[in-house]
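Colleague: There's a structure below that I have some questions on.
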Amino acid sequence: MHKALILNGPNLNLLGTRQPEVYGSTTLQMVEDMCLDHGKSIGMEVIHFQSNHEGALIDAIHAAKGVQDGIVLNAGAYTHSSIALMDAIASVELPVIEVHLSNIHAREEFRHRSYISRVAVGMICGLGPQGYVLALDALRSHLQGE
């Protein structure tokens, strides 16, 4: 059974109440429950971690090495600014699927750049919470192909 870490960055703890016109009304707990259920259905063990702190996200990425088989990452705003997260991903050599609830390419110009994409297997954006499920499927497919 493959193991996946679903890692959520800043402000994602406010899902369901933060800008619902952009991010929807689904809460982070609902996303986590959906991913746990889907993980079971595809034979993947899923754990979750969320932090508003860049260092804590980096620590979680480092801790995943040798424990998890891959990561689904929604780095929130750190996507567009954190070279440190990019370096952490490159350092642990685990496959990462990048996820965004909204379509970052249809939003403000500064959101069009992703440092995470440089080291990710792929990106899913604009599909709301369903993007996490698709990311688990993509990660599983990638791991089975290795």
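Colleague: Can you tell me which condition P10 does not meet? The list is (1) in a helix (DSSP H, G or I); (2) closer than 16 Å to T79 by Cα, and all the others hold.
Modeller: Unmet for P10, out of (1) in a helix (DSSP H, G or I); (2) closer than 16 Å to T79 by Cα: (1).
Colleague: From the set of residues in the range 89-146 that are of a type in the set (K, R) and more than 15 Å from the chain's Cα centre (by Cα), which is farthest from V67 (Cα to Cα)? Walk me through how you get there before you give the answer.
Modeller: Pass one, the range 89-146, residues of a type in the set (K, R): 107, 111, 113, 118, 140.
Imposing the further condition that a residue be more than 15 Å from the chain's Cα centre (by Cα) reduces the set to 107, 111, 113.
Values: R107: 35, R111: 31, R113: 30 Å.
It comes out as R107.
Colleague: Next up: Which members of the range 9-57 meet the condition of being aromatic (F, W, Y) and surrounded by fewer than 14 Cβ atoms within 10 Å (Cβ to Cβ)?
Modeller: Scanning the range 9-57 gives no hits.
Colleague: Answer yes or no as to whether H48 is closer than 24 Å to Q144 by Cβ, within 14 Å of the chain's Cα centre (by Cα) and modelled with pLDDT of 95 or more.
Modeller: Details: closer than 24 Å to Q144 by Cβ: yes; within 14 Å of the chain's Cα centre (by Cα): yes; modelled with pLDDT of 95 or more: yes.
Yes.
Table: residues versus (1) in contact with a helix residue (DSSP H, G or I) (Cβ under 6 Å, 6 or more places away or on another chain); (2) not charged (D, E, K, R).
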| residue | (1), (2) |
| --- | --- |
| M30 | no, yes |
| D37 | no, no |
| N52 | no, yes |
| A64 | no, yes |
| S81 | no, yes |
| P95 | yes, yes |
| E98 | yes, no |
| Y115 | yes, yes |
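Colleague: Sticking with this one: Would you tally the residues in the range 78-96 being surrounded by 19 or more Cβ atoms within 10 Å (Cβ to Cβ) and of a type in the set (G, A, S)?
Modeller: 2
Colleague: Which of the residues that make up the range 69-88 are over 14 Å from the mean Cα position of the chain (by Cα) and polar (S, T, N, Q)?
Modeller: Listed by number, the residues that qualify are S81, S82.
Colleague: How many residues are among the aliphatic types (A, V, I, L, M) and either part of a strand (DSSP E or B) or free of Cβ contacts under 8 Å to residues at least 12 places away in the same chain (or both) when one looks only at the range 15-32?
Modeller: Number satisfying all stated conditions: 0.
Colleague: With the range 38-146 as the region, which strands (runs of 3 or more DSSP E) entirely inside it contain at least 1 residues that are among the charged types (D, E, K, R)?
Modeller: Details: elements: 44-50, 70-74, 96-100, 122-125.
The strands (runs of 3 or more DSSP E) meeting that bar are 44-50, 96-100.
Colleague: Consider I104 against the criteria (1) within 26 Å of T27 (Cβ to Cβ); (2) in contact (Cβ under 8 Å) with a residue 60 or more places away in the chain: it satisfies all of them except one. Which criterion is unmet?
Modeller: Looking at each condition in turn, I104 falls short on (2).
Colleague: Sticking with this structure for a sec: Could you run through the range 58-77 and say how many residues are crowded, with 22+ Cβ neighbours inside 10 Å and closer than 23 Å to L127 by Cα?
Modeller: Here the count works out to 6.
The values are calculated or read from the model by the stated rules, or taken from the named source; none is laboratory data. Quantities reported herein were computed from a predicted structural model and do not represent experimental measurements. Note that we place each Cβ from the backbone using ideal geometry, even for glycine, and neighbour counts take in every protein chain shown.
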